[in-house]
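Worksheet for the structure shown next.
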Amino acid sequence: MGSTLAYKILGNHLIEGELVAGTEITIKMDQTLTQDSTGTMVYLQLEAMNVDKVKTELSVAYIDHNTLQTGFENADDHEFIKSVAKRHGVLFSKPGNGICHQLHLENYGVPGKTLLGSDSHTPTGGGLGMIAIGAGGLDVAVAMAKGTYSLTVPKVINVKLVGELGEWVSAKDIILKVLKELTVKGGVGKIVEYSGDGVKTLSVTDRATITNMGAELGATTSVFPSDDNTRKYLASQGREDQYVELYADDDAVYDEVLEINLSELEPLAAMPHSPDNVEAVSKIGEIKVDQVAIGSCTNSSYTDLMKVAKILEGKKVSDDVSLVISPGSSKILSKMAENGALASLINAGARIIENACGPCIGMGQSPKSGAVSLRTFNRNFKGRSGTLDADVYLVSPETAAISALTGVLTDGRKTGFEIPEIMSAEFKKNDNFIVYPEGTNTENTPVVMGPNIKPFPQNVALKGDLAGEICLVAGNNITTDDIMPSDSRLLPYRSNVPHLANYCFEKIDKGFSERCKKAKSCIIIGGENYGQGSSREHAALAPLYLGVKFVLAKSFARIHRSNLINSGILPLVFKDPKDYESFKLGMKLEIKDAVKQVDNDEIVIKDIESGKEYVTISNFSELEKKMIKNGGKINMIKNSEEKK
């Protein structure tokens, strides 16, 4: 029996364990990346571990999220990250250089390498044939400190691509089709591996669009083969010497197979308010559009933006549409300035904004009240745009551009316009935005900390009974945006958990934080896919600060479950989902002899008032049990170091 590509790469990096789905392994981590929204916390945690130099081959700190500097907070965070990066041997990418995933693809991604990032869209690197995984900040800090990462071996889904894309259909439509078929929880506990003759028709940036939005499936990561198209891309970036050919074995066996005929696809859109709420543009109809936003780590590549420029060339954006474009990197923006494409965008009436995440994370460009906004981004959760009553549709750059001209959602195939073939470009290396850490170390490089940077909350070791009051009963598909909102108002406080905690769950229940402060020991009840979305560990740290002891849900998203365990908060699953209906606000629950029960695959929870008992599923790995008993990952590391 042959091997999948995913298992080949994992096997080449295996340190402990066996490659058997559902078991725990430890792998060598070659590279890490952080961004500034999660990075401040990562580097506070790295400092707490008292390491000298990072143990990875390469670690990069990118500034791309909090670039709107309306006060000192963001600039102070950037200075802090830069100082710690210098101190520990981490490359620092200055604001204005671009979006972390696009930059890493251009400059540092290598086929066959492993990458761990404190951003859920780190799997973008799978477009280059990497095993690139998004994780919570603490996991990334530990990977930098130790050069390793532990995970549960995922199953592998094979998405077999056949045929060839037609006119006005692109990579974005492929991943939207996959999301429609598998849903936002269809990839949990799995790696999505692409194969088939259709793969050969896709460029690396096409593939990166697909692997980027694999995060919306809940997948551990997604990966493409490394082939001649990979070699050509690396050559265009001046890195052909880093090319490695990588394929799955012909007789590889997969846990699931999904076949998609590219020739049958048409332009698609994810409708409000979920990336898997997908329908054909032709069926949605010509709804009026108020805003179009093109960019993000999903669709801001050179090829994407050149297609947009060709569609807009010599034309005018509709009077009723605000069109904003954020290029993915400084190299892309520079190239488009050189070849005249930038002028085509501006002359058509597009607003060019900074090479950063920007509107994708609600950092500026919020649409007007009740607006319809077409975005080439990866998420359209309610309120994520910064406007609670806006309807956000996720579309391809081609569909976004033509709709900006017509003023309505438009199927480009009906316009008669043919998009010219975009020729690949050669890019020169430009390190002017990179700060290298040579000649610095922990002894001669001080850490710079502004007044907004506060110590991160830490749990205490588990002991005795664990009791608390239910302070929230939530529904299905609760996102990390719901738990810890992310917008221009709160993003500057990502280094200040005590402040952020006041806004925890404010979109769902404004009274949550005050109830927690009053109860002091709290419990959250959730539905299916609790914690989907980003990797932000603030969605665990803010509840920790507020006294949350355990979360009981029907199921959990992968990264958030890990973040809860890293913080010493128990993620428990209903054995009988019908029990969900039994829990109400204000009920007091307890876990008797919690330390002993954590060792079991099932944990019994008792209603203190009625005495009724409920059986829940824990299924913690041995490592997870240690973390929970110690009160979190950092405590476990500290305690193990002290015993040496």
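The values are calculated or read from the model by the stated rules, or taken from the named source; none is laboratory data. Everything quoted here is computed from the prediction, not taken from an experiment. Here Cβ is always computed from backbone atoms with ideal geometry, including for glycine, and neighbour counts include all displayed protein chains.
Remarks
- Taken over segment 1-17, the residue count meeting the criterion of being in a loop (DSSP other than H, G, I, E, B) and modelled with pLDDT of 95 or more is 4.
One line per residue, one yes/no per condition, for (1) in contact with a Cys (Cβ under 7 Å, 6 or more places away or on another chain); (2) closer than 21 Å to residue 214 by Cβ:
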{"residue": "260", "(1), (2)": "no, yes"}
{"residue": "263", "(1), (2)": "no, no"}
{"residue": "268", "(1), (2)": "no, yes"}
{"residue": "271", "(1), (2)": "no, yes"}
{"residue": "275", "(1), (2)": "no, yes"}
{"residue": "282", "(1), (2)": "no, no"}
{"residue": "290", "(1), (2)": "no, no"}
{"residue": "296", "(1), (2)": "yes, yes"}
{"residue": "311", "(1), (2)": "no, no"}
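- Flag if residue 386 is surrounded by fewer than 21 Cβ atoms within 10 Å (Cβ to Cβ), of a type outside the set (Val, Ile, Thr), modelled with pLDDT of 95 or more and assigned to a loop (DSSP other than H, G, I, E, B): no
- Condition broken by residue 578, with the remaining ones in (1) surrounded by fewer than 23 Cβ atoms within 10 Å (Cβ to Cβ); (2) within 28 Å of the chain's Cα centre (by Cα) satisfied: (2)
- If the condition is being farther than 18 Å from residue 397 by Cβ and either of a type in the set (Val, Ile, Thr) or crowded, with 18+ Cβ neighbours inside 10 Å (or both), then segment 156-177 contributes 156, 157, 158, 159, 161, 162.
- Complete set of residues in segment 324-383 that are of a type in the set (S, T, N, Q) and either surrounded by fewer than 23 Cβ atoms within 10 Å (Cβ to Cβ) or at positive phi (or both): 330, 334, 339, 344, 347, 365, 366, 369
- Within segment 18-38, restricting attention to residues that are in contact with a strand residue (DSSP E or B) (Cβ under 9 Å, 6 or more places away or on another chain) and part of a loop (DSSP other than H, G, I, E, B), the residue that is surrounded by the most Cβ atoms within 10 Å (Cβ to Cβ) is 29.
- Qualifying residue in segment 264-276 (condition: surrounded by fewer than 15 Cβ atoms within 10 Å (Cβ to Cβ) and either of a type outside the set (Gly, Ala, Ser) or closer than 20 Å to residue 5 by Cβ (or both)): yes
- In segment 206-246, the residue that is surrounded by the most Cβ atoms within 10 Å (Cβ to Cβ) out of those that are part of a strand (DSSP E or B) and within 13 Å of the chain's Cα centre (by Cα) is 222.
- Residue satisfying all of: in segment 187-205; without any contact (Cβ under 8 Å) to a residue 60 or more places away in the chain and not in a strand (DSSP E or B); nearest to residue 416 (Cα to Cα) among these: 202
- Against the conditions (1) more than 30 Å from residue 153 (Cβ to Cβ); (2) surrounded by fewer than 17 Cβ atoms within 10 Å (Cβ to Cβ); (3) touching a Ser or Thr at 6+ places or on another chain (Cβ under 9 Å), residue 72 satisfies every one except (3).
- Sole residue being free of Cβ contacts under 8 Å to residues at least 60 places away in the same chain, within 26 Å of residue 100 (Cα to Cα) and of a type outside the set (Ser, Thr, Tyr), chosen from 429, 454: 454
- Segment 368-420, residues that are within 17 Å of residue 487 (Cβ to Cβ), in contact with a Pro (Cβ under 9 Å, 6 or more places away or on another chain) and of a type in the set (S, T, N, Q): 373, 378, 380, 385, 387
- Filtered residues of segment 227-255 (kept if within 14 Å of residue 203 (Cα to Cα) and of a type in the set (A, V, I, L, M, F, W, C)): 234, 235
- The criterion of at least 2 residues that are free of Cβ contacts under 8 Å to residues at least 12 places away in the same chain is met, among helices (runs of 4 or more DSSP H) falling completely within segment 250-368, by 330-339, 341-348.
A quick yes/no check of all residues on (1) basic (Lys, Arg); (2) closer than 25 Å to residue 360 by Cβ; (3) surrounded by 17 or more Cβ atoms within 10 Å (Cβ to Cβ); (4) touching a Ser or Thr at 6+ places or on another chain (Cβ under 6 Å):
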{"position": "490", "(1), (2), (3), (4)": "no, yes, yes, no"}
{"position": "493", "(1), (2), (3), (4)": "no, yes, yes, no"}
{"position": "512", "(1), (2), (3), (4)": "no, no, yes, no"}
{"position": "519", "(1), (2), (3), (4)": "no, no, yes, no"}
{"position": "535", "(1), (2), (3), (4)": "no, yes, yes, yes"}
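- Some residue of segment 495-511 being over 25 Å from residue 217 (Cα atoms), at pLDDT 95 or above, among the hydrophobic types (A, V, I, L, M, F, W, C) and touching a strand residue (DSSP E or B) at 6+ places or on another chain (Cβ under 9 Å): no
- Among residues of segment 306-317, those that are touching a helix residue (DSSP H, G or I) at 6+ places or on another chain (Cβ under 7 Å) and under 15 Å from residue 349 (Cα atoms), counted: 8
- Only one of the numbered conditions (1) in contact with a His (Cβ under 8 Å, 6 or more places away or on another chain); (2) farther than 20 Å from residue 357 by Cβ; (3) among the aliphatic types (A, V, I, L, M); (4) at pLDDT 95 or above is not met by residue 110, and that is (1).
- All told, residue 139 meets the bar of being surrounded by 23 or more Cβ atoms within 10 Å (Cβ to Cβ), acidic (Asp, Glu) and under 18 Å from residue 104 (Cβ atoms).
- For segment 68-85, taking the residues that are not polar (S, T, N, Q) and not in a helix (DSSP H, G or I), the one that is modelled with the lowest pLDDT is identified as 68.
- Matching entry among 300, 318 (being surrounded by 24 or more Cβ atoms within 10 Å (Cβ to Cβ), among the hydroxyl-bearing types (Ser, Thr, Tyr) and at pLDDT 95 or above): 300
- Residue in segment 299-306 that is farther than 19 Å from residue 412 by Cβ and over 29 Å from the mean Cα position of the chain (by Cα) present: no
- Looking only at segment 39-67, and only at residues there that are surrounded by fewer than 24 Cβ atoms within 10 Å (Cβ to Cβ) and in a helix (DSSP H, G or I), the one that is nearest to the chain's Cα centre (by Cα): 44
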